[in-house]
Amino acid sequence: MLAWRQLPGVFIDHDRGQRLRDRVLAGTAPVLRLTMAATVRQVQTRNLVGIIPGKSGELMVLASHTDGANGLEDNGPNAIVDMARYLARLPQDSLPRSVMLLLTGGHFAGGAGVEQFMDRHKDDGLTQRMAAMLTIGHLGALEEPAFTNGYLRPTGSFEPALLFTPRTPALMEASYAMLRQAGAAPGFVLTHNNSGGDRARNAAWPDAGQTFPGVQPIPTMHYIKAPACQFNYGIGTVTRVDYRLMQRETVALTQMLLDLSRVPYADLRKETAP
């Protein structure tokens, strides 16, 4: 979230944090200075965009970012590849809407890839064709909370599943159905932290789902797991995935996309009062 405010930040491990805290409390380090030696350069990243034709020109958008902190956080594109292979084999008449696949870069640079895409298409009618958007990530994550010694340790349970959605009956019903089908318990359907106001710029969780509705009023759902997986350090995140759960989630998300593609455009925007 720090990237949204362009504010530098640093994470340190438990042992170093305790030593710094002790020095501050002892008065031997009233001022702490952190120095990071780094090289900054301008680079170009690419958005990957594809269309699976359906019966209409309206679009269901399936999105994720390609620059996660580790392999677990950034496995949304892996699932989208499988979903796309299935959807592309369906007869075109069985897809009420076309499906856009959108993989963006620059997630940790304030959503630069998303903003570039939306800005590029703001006047050509493409965004107006987007009926709804589903962004995904952190699939199959196993729970690994911080214990009293400050270190992450697996429990054998699943990380809580979180599906953020606008307060629209059709979207909320589809969200609950997806969690039940995936067996992703514990699971919760929530609204975005800053569901009103300047969603494109104000930091909120989940930040990856904020830019789209902030730039255009596109109903956006965001499926992720609790954020402990983003703070893993020095471990192989591939071993922190339950692949059977990831498969169930991928199937359930595909069904959710198909179900919502049959919901009228206007009904996807009928938000209820908080």
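The values are calculated or read from the model by the stated rules, or taken from the named source; none is laboratory data. Small disclaimer: the values here were computed from a predicted structure and weren't measured. Positions of Cβ are backbone-derived with ideal geometry, glycine not excepted, and every protein chain shown enters the neighbour counts. Heads up: the accessible areas ignore ligands, DNA and RNA and are worked out on the full protein's heavy atoms, side chains in. Shrake-Rupley method; radii C 1.70, N 1.55, O 1.52, S 1.80 Å.
Points to keep in mind about this one:
- Annotation for Met36 and Thr191: the two label points, set 7 Å from Cα along the Cα-Cβ direction, are 3.4 nm apart.
- Table column - 3J(HN,Hα) (Hz), segment 244-256, Karplus curve with 6.51, -1.76, 1.60, x for Gly and Pro: 5, 5, 4, 5, 4, 4, 4, 5, 5, 5, 5, 5, 4
- Taking the accessible area of segment 103-163, probe 1.4 Å, and keeping the other protein chains in place, the carbon and sulfur fraction comes to 54%.
- All other residues whose Cβ lies under 13 angstrom from that of Gly54 are scored, Lys and Arg at +1 and Asp and Glu at -1, for a net of +2.
- For segment 58-125, the solvent-accessible area with a 1.4 angstrom probe is 42 square angstrom per residue.
- Taking 20 °C and 1.002 mPa s as conditions, segment 150-192 diffuses translationally at an estimated 186 µm²/s according to Stokes-Einstein applied to its Kirkwood radius (Cα pairs).
- Each residue, Thr155 and Asp259, gets one label point 7 Å from its Cα in the Cβ direction; the gap between the two is 2.7 nm.
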